[in-house]
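A.B. asks: Starting off with a structure, shown below.
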Amino acid sequence: MQAAQKKAYTNHDTGLLGIIAGVCMVIDHVGAIFFPGVDAPRIIGRAALPLFAWGIAIGAEHTRDMRKYALRLLILLLISQPFFNGALSHTWAKLNIFATLLLGLVGIWGLKEKKEWMTVAALLISQLVPMDYGVRGVLCILLLWALRDNPLALAACFGAYCVLWGEGGRVIWDAPFFKVRMQTLALLALPLILWPRAKRTRTPRWLMYALYPAHLAALWVLKSIL
């Protein structure tokens, strides 16, 4: 008799969420490069980072080897950097999203192993070294990991975090009694994260890892032609 499957309180289908995050990311980058004055693709793209962050939070619980996991992220950081620079017109002074994901994983690793200096170091580096989303992205990963099995607390804390995250950012809707800012719409990822799904969608790991540098390379070429 097969062992009963552990009940899922949140969405552990990182394969499906990875696909959705990848689509949102590509739409976001297409908008940033080719339609900079259009809000819709950038709004859709706000869901990408929280979904990738959630993938790190859940992946850290299921991986058999944190060192290999971290090494994969480091390799992808190095591979992706030239395409990140070329497609999005950044310089080598700003690191791509894999730096943020790697430091988020290191932060979780430190908490799991009771080596809090690793977590502190990850937060300090993400604050001092320019990178996509920076320390706010790393804090997002740590928050999602800490509350991964508590849907109510996760919804409340992530909601509040997104409101604070958006402060000082661009206003996209100025209503009479409140303002909606672009980064606050990271909340779009919350319903997907809270969907209690234990079933796993099988996706080739290499395909999901390759999507980031591959789509940036394609956009860089297309931008150069146009």
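The values are calculated or read from the model by the stated rules, or taken from the named source; none is laboratory data. Here the structure is a predicted model, which is why all the values come from computation and not from measurement. Cβ sites come from the backbone with ideal geometry, for glycine too, and all protein chains shown count toward neighbours. These accessible areas exclude ligands, DNA and RNA; they are computed on the full protein's heavy atoms, side chains included. Shrake-Rupley method; radii C 1.70, N 1.55, O 1.52, S 1.80 Å.
A.B. asks: Using beta carbons and a limit of 7 Å, which pairs, at least six apart or on different chains, have the first residue in the range 122-148 and under 20 Å from A60 (Cα atoms) and the second one open to solvent by 70 Å² or more (accessible area, probe 1.4 Å) and assigned to a helix (DSSP H, G or I)?
C.D. replies: Filtered contacts from the range 122-148: G134/Q127; V135/Q127.
A.B. asks: Is it fair to say L216 is within 22 Å of A155 (Cβ to Cβ), in contact (Cβ under 8 Å) with a residue 40 or more places away in the chain and among the aliphatic types (A, V, I, L, M)? First the steps, then the outcome.
C.D. replies: Working: within 22 Å of A155 (Cβ to Cβ): no; in contact (Cβ under 8 Å) with a residue 40 or more places away in the chain: yes; among the aliphatic types (A, V, I, L, M): yes.
Spelling it out, it is not the case that L216 is within 22 Å of A155 (Cβ to Cβ), in contact (Cβ under 8 Å) with a residue 40 or more places away in the chain and among the aliphatic types (A, V, I, L, M).
A.B. asks: Quick check on my filter: what residues within the range 32-76 are open to solvent by 40 Å² or more (accessible area, probe 1.4 Å), more than 16 Å from the chain's Cα centre (by Cα) and within 26 Å of L188 (Cα to Cα)?
C.D. replies: Of everything in the range 32-76, those that are open to solvent by 40 Å² or more (accessible area, probe 1.4 Å), more than 16 Å from the chain's Cα centre (by Cα) and within 26 Å of L188 (Cα to Cα) turn out to be F34, F35, P36, G37, V38, D39, A40, E61, H62.
A.B. asks: A further question on this structure: Being small (G, A, S) and either touching a strand residue (DSSP E or B) at 6+ places or on another chain (Cβ under 9 Å) or closer than 25 Å to Y69 by Cβ (or both) is the filter here; which residues of the range 169-226 pass it?
C.D. replies: Let us first name the residues in the range 169-226 that are small (G, A, S), namely 169, 175, 186, 189, 198, 210, 214, 217-218, 224.
Within the range 169-226, G169, A186, A189, A198, A210, A214, A217 meet the criteria.
A.B. asks: Looking at L103, L88 in this structure, which one is touching a residue at least 60 places away in the same chain (Cβ under 8 Å) and either surrounded by 14 or more Cβ atoms within 10 Å (Cβ to Cβ) or over 22 Å from V30 (Cβ atoms) (or both)? I'd like the intermediate steps shown before the answer.
C.D. replies: Details: L103 fails: touching a residue at least 60 places away in the same chain (Cβ under 8 Å).
None of the others qualify; the one that does is L88.
A.B. asks: Just give me the residues in the range 150-178 being open to solvent by less than 70 Å² (accessible area, probe 1.4 Å), within 24 Å of R197 (Cβ to Cβ) and touching a residue at least 24 places away in the same chain (Cβ under 8 Å), in sequence order.
C.D. replies: Filtering the range 150-178 for residues open to solvent by less than 70 Å² (accessible area, probe 1.4 Å) gives 151, 153-162, 165-166, 169, 171-172, 175.
Narrowing the set further to residues that are within 24 Å of R197 (Cβ to Cβ) leaves 151, 153-159, 161-162.
Selection gives P151, L154, A155, F158, G159, C162.
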